[in-house]
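Structure first, then comments.
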Amino acid sequence: MAASAYADVLASLYRLEAARGMDFKLERVALALKSLGDPQRRFAAIHVAGTNGKGSVAAMLHAICTAAGYRVGLYTSPHLVSFTERIRVGTDTISEAEVVALAHDIRSAATVRGIDLTFFEFVTVMAFLHFARCGIDLAIVEVGLGGRLDATNVIDPAVAVITSIGLDHQEFLGETLASVAFEKAGIIKPGTPVVVGNVPPEGESVIEDIAAARSAPLYRWGRDFSTSRGMTFGFHGMGLELTDLRTTLRGSFQNENAATAIAAVLQLPPTFPVGIDAIRLGLESVRWPGRLDVVAANPLVVLDGAHNLDGIRAIAAELPAIVSGRPIHLLFGVMRDKQWGPMVDTIAPLVSDVTVTTVLPPRGESAAALAAAFSRHCAVRLIADPQAALAELLHTVPDRESIVVTGSLFLVGTVYPYFLQRHGKRTLFSGAGATPLP
């Protein structure tokens, strides 16, 4: 397959994103999948929603169920470095050739029939069709945005998971925690178990009401299961007591995510038994790059895709332990549609100085606007190009200090290739790219 064919497919998909943006309806996805034989009905699934933590929980579920011996698909978004990261089966990402072939088949079966899909709808159909053709046993499906009207909500999962509730994407999900919870709880199906992580009371009550109305058994963090914190941690509840658990993912909040993932696999039907050894092995081997991700040692470089206030609060709480007293030089960029003022106020007091940059223009906030906000707290340098900004920091920051890159997953994805190349890797996953950095 010529590389140009893959590039052409990606260009056409991104044109869909530019032309259609976000248009939340399930009818188009359902019609497209029906025209392809309803591939989403050919495998079981765990559906994962949440404001923060859903990607980590999805990655943990994928690792645990793979360790249990199942052929497991993983669908997540957005990608960091390569589009192919969005669709994985086992340890392998979808190939470029498969992307081209699937795009052709989807267009032939759906688009030419007048089904006008958005970017995310098209990619969701691609993921489900790929999973069916690969003969997977189980898919871990991360919601793109919200839940109720998200394109992924055409599946009938074995288990639904809601990891957290916070304010993000208010223009689509509403201005209150209750309204966000209502949208996330839209993935709850009649009679299907739902596992809920550590969510605030305003969200919890909404989720409880919807689960009760749909006769969906509800399992809550803090009531039905819990975890201890530390480098090693435990899981308690649902008839299981586990101790001395470990996960490769940094941050004490990942213990709660791990407990949520364990609770979810315990609700799988008897046809999908998952043993304790698989739980341990999955948590110890999970890879989820770009989240408190240490990619270099001298200077220490930490990449984190926190892109809302709750995410920035989490990284602010964890950074002191990770940098161990090293001065922090921040590289920050954020999307224009975020309420980023409080994010600045939260992270700025921890840093010696900040380099502000612009990511993914015109969607990204201008570096000038960010510089004005940070200037109230610390010294600011403006370098509009993210890669140039990183290069300057790597050139000027002493080896015994630290660089932290955060504010947007798109920013992390922009700078990540430098560290892959530095370690002789081409991809984040598959083959040689599957080992952690540095």
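Here are a few things to note about the model shown:
- Long-range HN-HN contacts of Met335 with modeled amide H, under 5 Å: Glu365
- Springs join every pair of Cα atoms under 10 Å in this Gaussian network model of the chain, and among Met231, Met60, Met335 the largest mean-square fluctuation is at Met231.
- Average projection area in nm² (convex hull over Cα atoms of the stretch 244-318, one quarter of hull surface): 6.2
- Zone of Glu284's modelled label, taken as backbone nitrogen in the stretch 244-266 under 15 Å from a point 7 Å along Cα→Cβ: 244-249
- Sequence of Phe122, Phe128, Phe233, Phe253 once ranked by neighbouring C-beta atoms within 10 Å, starting from the fewest: Phe233, Phe253, Phe122, Phe128
- Computed lengthening from Leu360 to Glu392, 0.36 nm per intervening residue step minus Cα-Cα distance: 9.6 nm
- Residues with amide H under 5 Å from that of Leu149, placed H, sequence gap 5 or more: none
- The Rg/Rh ratio of the stretch 3-285, with Rg taken over Cα atoms and Rh as the Kirkwood radius over Cα pairs, comes to 0.96.
- Cβ-based exposure ranking for Thr176, Thr346, Thr124, Thr51, in which fewest neighbours within 10 Å come first: Thr176, Thr346, Thr51, Thr124
- Per-residue extension of 0.36 nm, minus the Cα-Cα distance of Ser324 and Arg15, leaves a gain of 106.8 nm for this segment.
- Of the peptides 262-272, 355-365, the ranking by mean beta-carbon count within 10 Å, highest at the top, reads 355-365, 262-272.
- Put a plus charge on the Cβ of each Lys and Arg, a minus charge on the Cβ of each Asp and Glu, and nothing anywhere else: the dipole of the chain about its Cα centre is then about 540 debye.
- Mean projection of the Cα convex hull over all viewing directions, computed for the stretch 293-434: 8.0 nm².
- Among residues other than Ala389 with Cβ under 13 Å from its Cβ, the summed charge is -2 (Lys and Arg +1, Asp and Glu -1).
- A dipole drawn for the chain from +1 and -1 charges on Cβ atoms has a positive end, and of Val354, Thr124, Pro200 the residue lying farthest that way is Thr124.
- Taken about its Cα centre, the stretch 140-202 carries a charge dipole of about 240 debye when Lys and Arg each add +1 at the Cβ and Asp and Glu each add -1 at the Cβ.
- HN-Hα J in Hz across the stretch 187-202 - Karplus 6.51, -1.76, 1.60, θ = phi - 60°, x for Gly and Pro: 7, 6, 10, x, x, 8, x, 10, 10, 10, x, 7, 10, x, x, 4
- Across the stretch 135-140, rounded Karplus estimates of 3J(HN,Hα) from the backbone phi angles (6.51 cos²θ - 1.76 cosθ + 1.60, θ = phi - 60°) give x, 5, 8, 8, 10, 9 Hz, Gly and Pro being marked x.
- When Cys65, Cys378 are sorted by how many other C-beta atoms sit within 10 angstrom of their C-beta, beginning with the fewest, the order is Cys378, Cys65.
- For the chain, adding -39500 (n - 2.57) for each run of n ≥ 4 DSSP H residues and dividing by the number of residues yields -12500 deg cm²/dmol at 222 nm.
- Karplus-based coupling profile of the stretch 390-398, in residue order and whole Hz: 4, 4, 5, 5, 5, 7, 9, 7, x, with θ = phi - 60° in 6.51 cos²θ - 1.76 cosθ + 1.60 and x standing for Gly or Pro.
- Amide H contacts for Val159 (H built 1.01 Å from N in the peptide plane; partners 5 or more residues away or on another chain; cut-off under 5 Å): Ala45, His47.
- Placing a label point 7 Å from the Cα of Arg107 along the Cα-to-Cβ direction, the residues of the stretch 80-96 whose backbone N falls under 19 Å from that point are 83-84, 95-96.
- Basic side chains Lys and Arg get +1 at the Cβ, acidic Asp and Glu get -1 at the Cβ, and with that the dipole of the stretch 293-434 about its Cα centre reaches some 200 debye.
A short reminder: the numbers here are calculations on the coordinates, not readings from a lab. Everything quoted here is computed from the prediction, not taken from an experiment. When we count neighbours, we look across all protein chains shown, and the Cβ atoms used for this are built from the backbone with ideal geometry, even at glycine.
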